[in-house]
Amino acid sequence: MTKALIVYGTRYGATADTSEVIADVLRKEGLEVRVVNVKEEKVQNISEYGLIVVGSGIRMGSWTKEPEEFLRKFQQELAKKKMALFVCCGSTHPVTEEEEKTRAIEDARRNYLAEKAAKHNLNPVALGLFGGIYNFNKMSWIFRKTLSVVRSKLEEAGFKEKEDGVYDIRDLNTIRRWAKKVAKMVGSQP
Ligand SMILES: Cc1cc2nc3c(=O)[nH]c(=O)nc-3n(C[C@H](O)[C@H](O)[C@H](O)COP(=O)(O)O)c2cc1C
């Protein structure tokens with residue numbers, strides 16, 4: 001059985017939950033999967049894994065620190081392995097005029113994924129750009145204030161609070177389809 005490792009960093013929870021959604025799909029496709037929040041647990045060795053998936057949430061244009069450190073630490077090994085990158089972010093539903101949306105999504109794909117892969121000399125089998133979660137209860141007051149415009153736009157766009165102050169803008173089917181594609185590319189037999 002191919003062993004897969006999913007390593008993630010999160011601030012507001014979307015990347016943690018998305019990692020579990022990806023793990024479920026990979027398991028159904030016959031892979032053995034371990035999921036690690038790399039802020040809580042350091043990974044010492046990746047030699048046993050035939051697939052590595054690295055994910056991060058985005059804040060102010062940046063990845064979380066720990067998955068980036070993981071990419072740096074294992075750069076040489078990762079360059080030889082089947083690996084994939086994904087991010088959870090707000091750029092799938094940018095708060096801009098309609099004609100700017102495509103550009104915002106393209107920019108996000110380039111800045112958060114393609115450039116990250118290039119920076120670490122990686123050649124991922126897939127790049128996943130997914131939506132995120134806006135949890136206004138977990139934000140500092142300054143972020144809550146800054147993002148109040150996003151909140152109004154989400155409401156205007158028809159997003160409903162999942163619970164008080166929490167908007168989930170992810171499309172789980174997109175995530176599942178992506179994970180299935182990754183599983184097919186890698187295969188369940190090492
Ligand atoms: C303060 C703040 C800043 C953010 N900045 C960005 C950004 O620069 N680009 C983007 O696409 N999404 C941005 N987002 C949306 C986050 O990417 C989204 O909340 C995502 O779920 C974060 O991942 P996490 O939940 O795993 O931490 C921002 C969200 C917050 C709360």
request  = Exposed loop trypsin sites (Lys or Arg not before Pro) only (DSSP loop, at most 13 other Cβ atoms within 10 Å): please give the longest stretch of the chain free of them, not including the sites.
outcome  = 43-159
query = Which loop-located GluC sites (Glu not before Pro) does the range 114-190 contain, where loop means any DSSP state but H, G, I, E or B and the Cβ has at most 15 other Cβ atoms within 10 Å?
reply = 161
Those residues of the range 5-40 whose amide nitrogen sits under 18 Å from the label point placed on residue 146, 7 Å along Cα→Cβ = 10-13
ask   = What's the FRET efficiency of residue 102 with residue 73 using the Cβ-Cβ distance as r and R₀ = 25 Å, to the nearest 0.05?
value = 0.10
task = Please figure out what share of the DSSP beta bridges in the range 48-127 is antiparallel and state it in percent, rounded to the nearest 5.
result = 10
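Which value in deg cm²/dmol, rounded to the nearest 500, describes the helix-derived mean residue ellipticity at 222 nm for the chain, given -39,500 (n - 2.57) per DSSP H run of n ≥ 4 and division by the residue count? Provide the component values of the computation, followed by the final result.
Details: 8 runs with 76 residues, N = 190.
It comes out at -11500 deg cm²/dmol, rounded to the nearest 500.
For the chain, with only Lys/Arg (+1) and Asp/Glu (-1) charged at the beta-carbon, what is the dipole magnitude about the Cα centre, in debye rounded to 20? Mind dumping the intermediate values first?
On the way: 33 positive and 26 negative charges, 110 e Å.
Value, rounded to 20: 520 debye.
How much of the calculated P(r) for the chain lies past 29 Å, in percent of all Cα pairs? Each step should come with its number before you reach the end.
Values: 3821 of 17955 pairs.
I get 21 percent for the Cα pairs in the chain exceeding 29 Å.
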ask   = In degrees, nearest 10, range 0 to 90: what is the angle between the Cα axis of helix 14-28 and the longest Cα principal axis of the chain?
value = 40
ask   = Which value in Å is the Kirkwood Rh of the range 8-99 over different Cα pairs?
value = 14.2
ask   = Based only on the alpha carbon positions, what is the Kirkwood hydrodynamic radius of the range 42-142, in angstrom?
value = 14.7
ask   = If you stretched the chain out fully between residue 21 and residue 48, how much longer would it get, using 0.36 nm times the residue separation minus the C-alpha to C-alpha distance?
value = 7.5 nm
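Nearest 5 is fine: what % of DSSP beta bridges in the range 58-190 come out antiparallel, could you say? Could the numbers behind the result be given before it?
Values: 5 of 10 bridges.
Looking only at bridges with both residues in the range 58-190, the antiparallel portion is about 50 percent.
Relative contact order (percent) for the chain, with alpha-carbon contacts under 8 angstrom and 6 or more residues of separation? Don't skip to the answer; put the middle values down first.
On the way: 311 pairs, mean separation 49.3, N = 190.
Reported as a whole number, the value is 26 percent.
Each value in this text was obtained by applying a stated rule to the coordinates, not by laboratory testing. Quick caveat: nothing in here was measured; it's all calculated off a predicted structure. So basically every Cβ, Gly included, is an ideal-geometry build from the backbone, and we count neighbours across all protein chains shown.
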